[in-house]
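Nothing in this text is a laboratory measurement; each read-out follows from the coordinates by a stated rule. The model shown is predicted, which means the values in this text are computed figures rather than measured ones. Cβ: placed from backbone, ideal geometry, glycine included. Neighbour counts: every protein chain shown.
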Amino acid sequence: MFRPLLRWMTALWVVLIPYAVSATEQLLLLPQPTSITMTEGHFHLTPATRLYVADGLWNPAERFVEDVAEMIPLKAPRSLTRREGGIRLSLDSHLSEEAYRMEITPQAITIAGGSPAGVYYGLQSLRQLVVQHRNAIPCCTIEDCPNFAYRGAHMDVVRHFFTVEEVKRYLDILAAHKLNRLHWHLTDDQGWRIEIKRYPELTERASKRNETLIGHCLRSTTYDGIPYGPYFYTQEEIRDIVRYAAERYITIIPEIEMPSHAQAALHALPWLGCEEQQVEVWTHWGVSPEVMCGGKETTYEFLENVLTEVIDLFPSEYIHIGGDECPKERWEECEHCQARIRELGLKDESETRTAENQLQSYLTGRIERFLAKHGRRIIGWDDILAGGVSPEATVMSWQGSKGGIYAAKHGNHAIMAPMDYCYFDFYQTKSQEGEGLAIGGWVSFEKVYGWNPYEGLTAEEQPYIYGLQCNLWSEYITSFDHLQRMLLPRLAALAEVQWATDRRNPATIRTRMEQLRRLYEQCGWSYAPYYFEGRK
Ligand code: TNX
């Protein structure tokens, strides 16, 4: 009997609360800025509002006009000559590179950035305010800057392929969360997805597989019988994507796996293997024993030729050379590998510092020196620590944080991407209900949000952590829609850890996520419902 009354009263609250809040208006930004100071009044955004931009800031201005076009059509930007009004963009050399300061008064919105990227991040915050407040933006001053220089997300386009348009949407999503790196996993056992002019066989023969495993790789031996591919990116498409990313202040780090996770390349070019026997492009998931020969000089020539084209395509200072999960059974039996081991005088020194692991270190080191000659540096998976690494190598810690901690303690830079917090191919809820097949594990939104990436590191070691990244392997992800649902909303939790590490604001995370969700809806991005349903 009281139910309708109760419901009515609840409805009234829903109406009243926003007004109650607006007295001390709250800005619900994600990631949390360094500081927000509320002031009096509102800036009224209308179709007559124009952006006025200082030299070098046309790109962030144009991106903003595009980003808010559906909510409000703005006039084309003009150069910053008018004395006042509008949305005013400039640079401030006192600010750190990616930092910005935004001042909103009833007369103008002024954004100053330490670089065009800083201005872009200020505009991303403004975009969130437009979603939240529509055309009456509350006056305030926001100061903001990121904690980590490297704020990455990884994308596996090998196990399942995603089109140029889908990669661009992925970049849009990263940019809206203020990420600045895409780690692009382009080669693996199940496919080779980057055109290399010198070796057309790679895309002719290795960009497709005969069929694909159905079900989980630990439990199934059933295949679908459906050829997959050819799928790859031409060099022209890659340049287009690199440009698109740069316009959003995202550096793409390409990953070319070596010497392991390379069975597709061995299929196209059998001389890359130890035995030179014909292998298929793998149709299973997991760790393949078929790896490039570490002894023959032709492997090194191949890698250098491939990387010559890769560095021409990707301006990134860092190139990811993979190096994970390299079984050594072929190398133990291979006359070329064993000859090279003797020539280098490598000996088993411990359980991990075996002669073969040191041969892998030799390969990594040679490639590192080759790239260094071209002004580039390497990132490798933490497996590369086994046989020893040069002090210049950056280690990507995925088997927990221990690899990253070890690297930091030894003066190497590390990127933290531990499975337990950063594997977005893992299940999002404990019950797994309604999630479909995933590789395993459990990484909920809350778990990501509560992660302390500095755990186990002293204050002196912490600066060696270059940044944080989520990894999204696509063995069990066959559509872009599913990919987005694995990424969102967990990416938002990670973005706050990356950007606002020590000033995370758990008290308002739920309300801020409700706002961010409106942006997802507006952009047509798919996201998983679990966090919003309260399922962990
Ligand atoms: C391990 S993480 C791999 C990948 C798989 C992933 C699945 C890493 C460096 N290697 O090849 O896709 O597990 O979670």
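Taking every pair of Cα atoms in segment 139-217, average 1/r, invert it to obtain the Kirkwood radius, and report Rg/Rh to two decimals. Intermediate values should be presented prior to the final figure.
On the way: Rg = 17.7 Å, Rh = 15.4 Å.
Checking Rg against Rh, the ratio lands at 1.15.
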> Which part of segment 281-312 falls in the paramagnetic zone of ASP224, meaning amide N under 20 Å from the point 7 Å along Cα-to-beta-carbon?
Replying inline: 281-287
> What number comes out for the charge environment of ALA372, summing +1 per Lys or Arg and -1 per Asp or Glu over other residues with Cβ under 12 Å away?
Replying inline: +2
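Within the set of other residues whose C-beta is less than 11 Å from the C-beta of ASP481, count the net charge using Lys and Arg as +1 and Asp and Glu as -1. Don't skip to the answer; put the middle values down first.
Numbers: positive: ARG169, ARG485; negative: GLU166.
Around ASP481, the charge tally is +1.
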> Across 5 Å bins from the origin, how do the percents of Cα pairs in segment 367-480 run, short distances first?
Replying inline: 2, 12, 20, 18, 16, 13, 10, 6, 2, 1, 0
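Less than 12 Å Cβ to Cβ from LEU457, Lys/Arg counted +1 and Asp/Glu -1: what total charge do the surrounding residues give? Walk me through the numbers before you get to the answer.
Values: positive: LYS402, LYS409; negative: GLU455, GLU460, GLU461.
Within the 12 Å Cβ shell, the charges total -1.
What percentage of all Cα-Cα pairs in segment 113-158 are separated by more than 16 Å? Please list the in-between numbers first.
Numbers: 567 of 1035 pairs.
More than 16 Å apart: 55 percent of the Cα pairs in segment 113-158.
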>> With equal scatterers on the alpha carbons only and no solvent term, can you work out the Debye log10 of I(q)/I(0) for segment 271-334 at 0.23 1/Å?
In response: -1.11
> How big, in percent, is the set of alpha carbon pairs in segment 194-255 lying more than 16 Å apart?
Replying inline: 62 percent
> By what distance, in whole Å, do the Cα atoms of the chain stretch along each of the three principal axes, largest value first?
Replying inline: 77, 64, 46
> If you take the beta carbon distance between ALA246 and ASN505 as r and set R0 to 35 Å, what does 1/(1 + (r/R0)^6) give as a FRET efficiency, to the nearest 0.05?
Replying inline: 0.70
>> Please compute the length gained on full extension between ILE214 and GLU433, using 0.36 nm multiplied by the number of residues separating them and subtracting their Cα-Cα distance.
In response: 76.9 nm
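Relative to 2.2 N^0.38 Å, what does the C-alpha radius of gyration of segment 325-432 come to as a ratio? Two decimals please.
Working: Rg = 16.1 Å, N = 108, 2.2 N^0.38 = 13.0 Å.
With N residues counted in segment 325-432, Rg over 2.2 N^0.38 Å equals 1.23.
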> Quick one: what Rg and Dmax do you get for segment 81-237 from the alpha carbons, in Å?
Replying inline: 22.5, 70
